[in-house]
1. Beta carbons within 10 angstrom, averaged per residue: use that to sort the peptides 31-38, 93-100, highest first.
2. Mind checking which aspartates and glutamates have their Cα closer than 19 Å to the Cα of Lys320? Skip sequence neighbours fewer than 8 apart in that chain.
3. Based on C-alpha coordinates, I'd like the Rg and Dmax of the chain, in Å.
4. Leu131's amide H: which non-local residues (gap 5+, or another chain) put their own amide H closer than 5 Å, with H modeled 1.01 Å from N in plane and none for Pro or chain starts?
5. For Val116, which sequence-distant residues (separation of 5 or more, or a different chain) have an amide H within less than 5 Å of its own amide H, given hydrogens modelled in the peptide plane?
6. Less than 12 Å Cβ to Cβ from Lys290, Lys/Arg counted +1 and Asp/Glu -1: what total charge do the surrounding residues give?
7. Assuming 0.890 mPa s and 25 °C, estimate D for the stretch 239-328 with Stokes-Einstein, Rh taken as the Kirkwood radius over Cα pairs, in µm²/s.
8. For Asn22 and Ser56, calculate 0.36 nm times their separation in residues minus their Cα-Cα distance, and state this gained length in nm to one decimal.
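Bear in mind that the values in this text are calculations on the coordinates, not laboratory data. Predicted model, so just to flag it, every value in this text is computed and none were measured. With ideal geometry, Cβ positions are generated from the backbone for all residues, glycine too; neighbour counts draw on all protein chains shown.
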Amino acid sequence: MNISILGTGSFASALAQLLTDNGNKVLMWTLVEKEVLEINTKKTNKYYYDDLVFSSNVKATTNLEEIINFSDYLIIALPSKFIKDTLKKIDKLLKNTNKKINFINVSKGMDYKNLVTISEMINQNINKKNLGKVCTMTGPTFAKEIIERKITKFILASKKDTGLDTIQKLFENEYIIIERSKDIKGIELLSSIKNIVALAAGISNGLGYNENTHAIIITKGIEEMTKIAPFYDIKAETILSVAGIGDLVLTASSKTSRNYLTGFKIGSGEKIDKAIKTTKTVVEGVECAKVMYKFSKEHKIDLPITKAMYNIFYKEKNPKEELKNILK
């Protein structure tokens with residue numbers, strides 16, 4: 001089957017390899033012409049992976065119309081801040097057609113300004129006549145380990161099961177396990193919130209605190225998830241799944257996580273601007289901390305980690321003092 005991917009980043013590249021392992025053809029989209037040239041001529045993506053070599057079934061383009069015409073299945077693997085504008089362009093291109101696109105979101109983030117998840121963004125910006133299945137696939141999934149074909153589990157979520165069999169078969173193989181959920185908004189929100197906890201865990205380790213302190217932060221991170229859950233009807237089983245606690249533990253425990261790594265740099269004494277700038281991909285937790293802090297004030301709920309990250313990144317408070325406030 002032909003599959004289109006919005007994005008050529010680390011996770012998009014990992015999924016391109018996975019999909020071609022399963023016998024599919026992949027067309028990736030980016031506005032960066034030199035990346036398109038490299039993927040099409042050298043079959044590499046050296047900015048992210050030194051040793052990755054794509055199969056001949058992976059190609060790239062800067063042409064969004066070509067992406068739409070290539071497949072009825074479109075994977076969104078872009079930083080969240082670029083998704084809304086890209087969806088609007090897709091909707092415009094689909095306007096005078098009867099083509100239906102099935103959207104598979106793998107991006108972790110949201111429209112932070114309006115607290116809109118990516119699946120909601122898709123529904124709001126794509127005309128219903130052109131809208132097929134809308135689902136999100138997430139979990140504790142470092143791209144590098146997918147590239148290395150290590151056993152990995154995703155949660156595939158959609159409001160209805162209809163049409164998910166085909167999508168599940170696109171990804172599932174001997175090293176990829178897929179579990180299903182109907183709590184699509186829950187898994188999308190948790191995949192954003194855990195980035196705040198990852199920042200705190202990184203700062204803690206950067207300051208020199210070790211496993212005992214790390215365990216406290218993980219535990220308090222789970223507490224914050226449970227406090228937020230009732231406001232969005234997030235199911236308890238979603239928090240307990242690999243898309244909840246599983247993703248939280250992974251993201252808050254490894255320098256492979258961009259949010260943890262950014263926090264670690266700050267805890268080690270690096271300036272915030274430099275720490276964010278030197279991280280190769282978008283640090284979603286910083287923006288999420290701002291919006292969730294506002295949310296906590298409006299609803300009068302105590303979120304110590306969120307408050308501390310807001311104070312560090314937006315009020316330039318001392319990381320060590322803020323960490324102490326979390327641990328009290």
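1. On the way: 31-38: 13.8, 93-100: 12.2.
In decreasing order of mean packing, 31-38, 93-100 become 31-38, 93-100.
2. Filter leaves Glu211, Glu270, Asp273.
3. 19.5, 59
4. Result for Leu131 returns Ile101.
5. Here Asp111 satisfy the definition.
6. Neighbourhood net charge equals +3.
7. 177
8. The Asn22-Ser56 span can extend by a further 10.9 nm.
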